[in-house]
Amino acid sequence: MSDTPHDPSRDRAERTLDTLLALDSLADLPRTGWLMRGVRPCESIADHSYAVTLLCALMLDAVRAEGHTVDGERTLRMALVHDAPEARTGDVPMPAKSPALDRELTALERSLAYELLPPHLAALWDELEAGVTLEARIVRVADKAQMLARALRYEQQGHRGLGEFWTHAKTFDPRGVPGADALFDALCARANRPRP
């Protein structure tokens, strides 16, 4: 038996470090959809998560300016961990996902979320997957809008073959988020593309 008293702050520090190190690989993992289209170098999953979180912060301001109440901290936390399971799975691009694979991948990602994240953050990952709350819907819209903004940047840099990102109506689903339609319209206008 040890004479050293139990230190809860040490336990929290160890769990914090475990999470940080488990998710660190996101900085090294590229977004596969860009690689498949010849974009090299391309954004990492961590780059994407940062940009989604930044966009959520901007969208929170817009939603509040329209008079809606929204939990900003919960939204930003959700955005930070929205792709956490990809630290283990990597980025599985949409063209590779069949309905059956999507179901299996979602189950695996949920298991990984609870393995990689503290329970309160894993619960936010679940909330995002359900997509019911305004906070979750903001993150979902930001996830798609960031992808389109990145496609726009890559096209401005001279990359070709990214047109399919602009053709799926599902990508432009505003999910009832105030200001989302205007954001998608602005993205299409900047890209000089019609909104599907």
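The values are calculated or read from the model by the stated rules, or taken from the named source; none is laboratory data. Here the structure is a predicted model, which is why all the values come from computation and not from measurement. Glycine gets a Cβ as well: all are built from the backbone with ideal geometry, and neighbour counts include every protein chain shown.
Quick notes
- Of all the numbered requirements in (1) without any contact (Cβ under 8 Å) to a residue 12 or more places away in the chain; (2) of a type in the set (S, T, N, Q); (3) within 22 Å of M147 (Cα to Cα), T4 misses one, and that requirement is (3).
- Just one of (1) in a helix (DSSP H, G or I); (2) closer than 30 Å to G158 by Cα fails for L20. It is (2).
- From the options D71, D28, residue that is more than 29 Å from G176 (Cα to Cα), modelled with pLDDT of 95 or more and acidic (D, E): D28
- If you check R195, R150 for being among the basic types (K, R), at pLDDT 95 or above, surrounded by 14 or more Cβ atoms within 10 Å (Cβ to Cβ) and under 18 Å from A51 (Cα atoms), only one passes: R150.
- Candidates in region 67-79 are the residues that are in contact (Cβ under 8 Å) with a residue 40 or more places away in the chain and either of a type outside the set (D, E) or assigned to a helix (DSSP H, G or I) (or both); of these, the one that is surrounded by the most Cβ atoms within 10 Å (Cβ to Cβ) is A79.
- Only one entry in V177, V132 is modelled with pLDDT of 95 or more, over 25 Å from T32 (Cβ atoms) and either surrounded by 14 or more Cβ atoms within 10 Å (Cβ to Cβ) or in contact with a Phe, Trp or Tyr (Cβ under 8 Å, 6 or more places away or on another chain) (or both), namely V177.
- Failed criterion for L101 (all others in (1) surrounded by fewer than 13 Cβ atoms within 10 Å (Cβ to Cβ); (2) not in a helix (DSSP H, G or I) hold): (2)
- Within region 51-64, tally of residues that are over 17 Å from R140 (Cβ atoms) and either surrounded by 17 or more Cβ atoms within 10 Å (Cβ to Cβ) or in contact (Cβ under 8 Å) with a residue 60 or more places away in the chain (or both): 0
- Flag for D173 being of a type in the set (D, E) and without any contact (Cβ under 8 Å) to a residue 40 or more places away in the chain: yes
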